[in-house]
Amino acid sequence: QVQLVETGGGLVQAGGSLTLSCAPSRRTFSSYAMGWFCQAPGKEREFVAAIRWTYSVTYYADSVKGRFTISRDNAKNTMYLQMNSLKPDGTAVYYCAAAAQLMSVMPDQYDYWGQGIQVTVSS
């Protein structure tokens, strides 16, 4: 079973930074679109950012534009989410996901998911 493994979460003060990483446990996702989503308690899973592996085309939710950067390292088969100027409302479980078809903001378009990692932003 393929797994996506997220690392890098934790506790940070408002205004601080964190970098999340996502790597598959077994297979390469070089032809997949990859995305980051977050889910706060009592809320639905929300789109954060996505990247197509080819040409590094990226797309961001309006709420994170200018603060978050999604990127990938083909050699390491790893995707990253650099999060700067974090806000308390960014407290959530963050998930990485892989989509075989299109880069999308919809969670149901993604085929593989990580287990999620907690990010807590204190005020």
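Before moving on, here are some points about what is shown:
- Restricting region 1-35 to residues that are out of contact with any strand residue (DSSP E or B) (no Cβ under 7 Å at 6 or more places or on another chain) and of a type in the set (Gly, Ala, Ser), the residue that is nearest to Gln109 (Cα to Cα) is Ser31.
- Test: residue in region 29-45 that is modelled with pLDDT under 95, closer than 14 Å to Val5 by Cβ and surrounded by fewer than 15 Cβ atoms within 10 Å (Cβ to Cβ): no
- Residues located in region 8-28, provided they are closer than 17 Å to Met79 by Cβ, of a type outside the set (Gly, Ala, Ser) and exposed (fewer than 13 other Cβ atoms within 10 Å of the Cβ): Arg26, Arg27, Thr28
- Breaking point among (1) open to solvent by less than 80 Å² (accessible area, probe 1.4 Å); (2) over 19 Å from Leu4 (Cα atoms); (3) not charged (D, E, K, R), for Tyr95: (2)
- Answer from Thr28, Thr78, Thr54 - the residue that is of a type in the set (S, T, N, Q) and under 14 Å from the mean Cα position of the chain (by Cα): Thr78
- Matching residues in region 46-76 - criterion: being of a type in the set (A, V, I, L, M) and either open to solvent by 60 Å² or more (accessible area, probe 1.4 Å) or touching a residue at least 40 places away in the same chain (Cβ under 8 Å) (or both): Val48, Ala50, Ile51, Val57, Ala61, Ala75
- Pro88 passes every criterion in (1) touching a Lys or Arg at 6+ places or on another chain (Cβ under 6 Å); (2) modelled with pLDDT of 90 or more apart from (1).
The values are calculated or read from the model by the stated rules, or taken from the named source; none is laboratory data. Bear in mind that the values here come from a model prediction, so they are computed numbers and not experimental data. Glycine also receives a Cβ, built like all others from the backbone with ideal geometry; neighbour counts cover every protein chain displayed. These accessible areas exclude ligands, DNA and RNA; they are computed on the full protein's heavy atoms, side chains included. Shrake-Rupley method; radii C 1.70, N 1.55, O 1.52, S 1.80 Å.
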